[in-house]
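*Asks:* First the structure, then my questions, so here it is.
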Amino acid sequence: MKLLKQILDFYLNSSIHVALSTYALVRITFHFFHIQYDAPMALFVFFGTIVGYNFVKYDALVRVKKKPIGNQLKIIALLSLISVVLVGYYFFQLKRITQLVSFGIFAITALYTLPFFPNRKNARNWAGVKIYIVAICWVGATLVLPLINAEMPFTGEFLIRSIQRFVLVFVLILVFEILDLANDDPHLKTVPQTIGVKRTKILGFCLLLPFWIVGILSFTLHDVLINLIMVIMLMAFIYFANPNRSKYYTSFWVESVPIFWWLMIVFF
């Protein structure tokens with residue numbers, strides 16, 4: 001059991017799990033917009049997520065706090081280095097416009113981590129901003145980039161799917177913020193810190209309404225049923241969220257939601 005726990009912890013700490021979630025959302029984008037599977041695009045997002053998330057998680061730990069690097073962190077650093085190489089490899093297989101937009105997403109990620117302005121904290125520590133930056137990056141990487149690379153027009157459906165994707169990520173982050181309430185800096189002004197846990201849950205439930213509406217606009221029984229299951233799943237995660245939950249509640253189960261969504265589309 002100890003070995004299995006170590007493997008699971010590495011799988012989560014190295015950001016492989018969250019990378020699978022973004023990969024799943026890219027595949028969902030291919031499905032909704034009838035785009036043939038584009039391996040360079042999907043894998044660019046997958047390995048880019050590993051690089052981006054590990055950079056965000058461990059930059060301050062190593063660069064600022066200068067904590068000693070353990071064996072697991074060394075392996076994660078090696079995995080991140082390999083991922084950087086693969087990101088570069090797939091980057092040059094993307095269309096020029098996709099490359100330019102991906103630089104914009106990278107800039108937002110860098111802004112989220114590094115303090116670019118004198119005497120100012122990074123965007124991650126700007127009061128009330130974190131949740132919006134993360135949601136925008138996820139929409140950009142998993143929806144905008146695949147459409148641009150496939151040369152798809154930005155129609156009304158794109159706007160609707162963008163709202164759905166933004167709401168999904170926003171709600172998932174709300175669950176994270178509820179669990180992190182006891183550890184987050186009060187100056188961050190996260191949603192639970194600002195309006196309380198109960199109202200945060202109510203907000204999450206209300207946001208699922210547009211998510212549900214988008215799902216039923218397709219008028220196909222397949223998508224309606226899957227969307228219903230998604231809404232019920234998200235409501236359950238919100239309802240049972242509290243600061244005393246195990247870290248695996250969010251880092252594994254909550255981050256698995258996009259993967260479950262993709263698997264339901266594939267197998268149903």
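The values are calculated or read from the model by the stated rules, or taken from the named source; none is laboratory data. All values derive from a computational prediction rather than experimental measurement. Cβ sites come from the backbone with ideal geometry, for glycine too, and all protein chains shown count toward neighbours. To get the accessible areas, we keep the full protein, side chains included, count just its heavy atoms, and leave off ligands, DNA and RNA. Shrake-Rupley method; radii C 1.70, N 1.55, O 1.52, S 1.80 Å.
*Asks:* For segment 124-211, give me every one of the helices (runs of 4 or more DSSP H) that falls completely inside it and has 3 or more residues that are at pLDDT below 95.
*Replies:* 130-139, 156-179, 191-195
*Asks:* Sticking with this one: Identify the residue in segment 145-162 that is hydrophobic (A, V, I, L, M, F, W, C), out of contact with any Asp or Glu (no Cβ under 7 Å at 6 or more places or on another chain) and surrounded by 15 or more Cβ atoms within 10 Å (Cβ to Cβ) and, among all such residues, is farthest from Y37 (Cα to Cα). Break it down stepwise before answering.
*Replies:* Of all residues in segment 145-162, those hydrophobic (A, V, I, L, M, F, W, C) come to 145, 147-148, 150, 152, 154, 158-160.
If we keep only those that are out of contact with any Asp or Glu (no Cβ under 7 Å at 6 or more places or on another chain) as well, we get 145, 147-148, 152, 154, 158-160.
Within this subset, residues satisfying the condition of being surrounded by 15 or more Cβ atoms within 10 Å (Cβ to Cβ) are 145, 147-148, 152, 158, 160.
Numbers: L145: 14, L147: 12, I148: 14, M152: 14, F158: 18, I160: 22 Å.
Only one residue fits best here, namely I160.
*Asks:* Looking only at segment 215-268, filter to residues that are of a type in the set (D, E, K, R) and part of a helix (DSSP H, G or I); which one of those is modelled with the lowest pLDDT?
*Replies:* Checked segment 215-268; the qualifying residue modelled with the lowest pLDDT is D223.
*Asks:* Among the candidates L207, L228, L234, which residue alone is open to solvent by less than 30 Å² (accessible area, probe 1.4 Å), touching a helix residue (DSSP H, G or I) at 6+ places or on another chain (Cβ under 9 Å) and among the hydrophobic types (A, V, I, L, M, F, W, C)? Reasoning before the result, please.
*Replies:* Numbers: L207 fails: open to solvent by less than 30 Å² (accessible area, probe 1.4 Å); L228 fails: open to solvent by less than 30 Å² (accessible area, probe 1.4 Å).
Being open to solvent by less than 30 Å² (accessible area, probe 1.4 Å), touching a helix residue (DSSP H, G or I) at 6+ places or on another chain (Cβ under 9 Å) and among the hydrophobic types (A, V, I, L, M, F, W, C) holds for just one of L207, L228, L234, which is L234.
*Asks:* Right, something else. Between residues in segment 1-26 that are open to solvent by 10 Å² or more (accessible area, probe 1.4 Å) and residues that are of a type in the set (G, A, S) and outside any helix (DSSP H, G or I), which pairs lie under 7 Å by C-beta distance while being six or more apart or on different chains?
*Replies:* none
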